[in-house]
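Contents: one structure, followed by commentary.
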Amino acid sequence: MAATLSISRLLSSPTSLSFSTTTSSLFPTAKSLSSKLSFASLPLKLHNHPKPLKLSTTTTPKSTISATISVGDKLPDTTLSYFDPAGELQTTTISDLTKNKKVILFAVPGAFTPTCSQKHLPGFVEKSKDLKAKGIDTIACISVNDAFVIKAWKENLNINDEVLLLSDGNGDFTRAIGCELDLSDKPVGLGVRSRRYSLLAEDGVVKILNLEEGGAFTFSGAEDILKAL
């Protein structure tokens with residue numbers, strides 16, 4: 001009964017319970033916050049941004065046409081292959097081909113390609129007698145094609161013994177004289193071939209070298225060699 005009366009008195013007395021409405025000590029106002037916070041003591045960190053890249057507009061001068069081989073050099077000795085008139089596969093070396101002889105070697109980027117088939121090789125076939133009359137012992141055409149392709153090309157152009165067609169199938173000789181021509185970006189799939197050139201070698205030593213830019217055909221023809229003899 002006493003407990004009931006105590007609760008009743010608490011509920012009926014408006015002053016018995018009081019709730020403080022002062023909240024400044026627990027939740028300071030924005031004004032008080034702003035007055036107490038100071039950014040002066042916070043260290044400022046500056047980020048070092050990388051310098052912008054500068055692209056040079058200086059153009060590199062166009063390099064001159066060059067190769068490992070040059071006039072006065074001895075031709076490197078490598079093995080080349082061909083089919084003889086009887087259809088037998090034969091091999092020869094550069095040293096055997098040129099020893100104590102005057103030899104014209106010319107190279108084409110590829111058998112059956114237009115310029116090689118229509119101009120470069122036919123030009124040497126046509127001028128073969130004139131060249132041999134000038135003391136040339138052998139005229140040979142070199143291409144980075146296998147010997148079977150070279151044989152078919154020779155038959156297609158009805159070539160006899162005017163020009164010896166040689167296969168540098170693996171490109172060994174072409175690499176040795178520094179005349180590779182990378183045509184891998186071409187859609188016809190030529191891969192790495194030989195640059196176009198013509199040269200005169202006496203006893204294996206280069207006397208004349210007409211090296212074209214890539215596969216161009218401007219001064220490596222039979223007429224050019226003939227005029228220089």
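The values are calculated or read from the model by the stated rules, or taken from the named source; none is laboratory data. No experiment lies behind these values; they were computed from the predicted model shown. Here the Cβ positions follow ideal geometry from the backbone for every residue, glycine too, while neighbour counts run over all protein chains shown. Only protein heavy atoms, including side chains, enter the accessible area calculation; ligands, DNA and RNA are left aside. Shrake-Rupley method; radii C 1.70, N 1.55, O 1.52, S 1.80 Å.
From the list 92, 138, 98, which residue is at pLDDT 95 or above and in contact with a Gly (Cβ under 6 Å, 6 or more places away or on another chain)?
98
What number of residues within the stretch 141-152 are among the hydrophobic types (A, V, I, L, M, F, W, C) and open to solvent by 50 Å² or more (accessible area, probe 1.4 Å)?
Within the stretch 141-152, residues that are among the hydrophobic types (A, V, I, L, M, F, W, C) and open to solvent by 50 Å² or more (accessible area, probe 1.4 Å) number 1.
Which is more than 21 Å from the chain's Cα centre (by Cα) and among the acidic types (Asp, Glu), of 185, 161?
161
For the list (1) farther than 24 Å from residue 184 by Cβ; (2) out of contact with any Lys or Arg (no Cβ under 8 Å at 6 or more places or on another chain); (3) part of a loop (DSSP other than H, G, I, E, B), I need the number of the one condition that residue 122 fails.
Answer for residue 122: the failing condition is (3).
Can you confirm whether the stretch 165-181 contains a residue that is within 17 Å of residue 123 (Cβ to Cβ), touching a strand residue (DSSP E or B) at 6+ places or on another chain (Cβ under 7 Å) and modelled with pLDDT of 95 or more?
yes
Return yes when residue 179 is closer than 19 Å to residue 89 by Cα, out of contact with any Asp or Glu (no Cβ under 8 Å at 6 or more places or on another chain) and not charged (D, E, K, R) and no when it is not.
For residue 179, the condition - closer than 19 Å to residue 89 by Cα, out of contact with any Asp or Glu (no Cβ under 8 Å at 6 or more places or on another chain) and not charged (D, E, K, R) - is not met.
For the stretch 83-95, name all the residues that are over 23 Å from residue 206 (Cα atoms) and in contact with a strand residue (DSSP E or B) (Cβ under 8 Å, 6 or more places away or on another chain).
If the condition is that a residue be over 23 Å from residue 206 (Cα atoms) and in contact with a strand residue (DSSP E or B) (Cβ under 8 Å, 6 or more places away or on another chain), then 83, 84, 89, 90 are the ones that fit.
When the stretch 96-119 is examined, which residues are found to be open to solvent by less than 50 Å² (accessible area, probe 1.4 Å), closer than 22 Å to residue 202 by Cα and in a helix (DSSP H, G or I)?
97, 98
Just one of (1) part of a helix (DSSP H, G or I); (2) touching a residue at least 24 places away in the same chain (Cβ under 8 Å); (3) within 19 Å of residue 226 (Cα to Cα) trips up residue 132, so point out which.
That leaves (2) as the condition not met.
Of all the strands (runs of 3 or more DSSP E) wholly in the stretch 153-226, which have at least 2 residues that are open to solvent by 50 Å² or more (accessible area, probe 1.4 Å)?
180-183
From the set of residues in the stretch 71-95 that are closer than 19 Å to residue 212 by Cα and aliphatic (A, V, I, L, M), which is most open to solvent (accessible area, probe 1.4 Å)?
71
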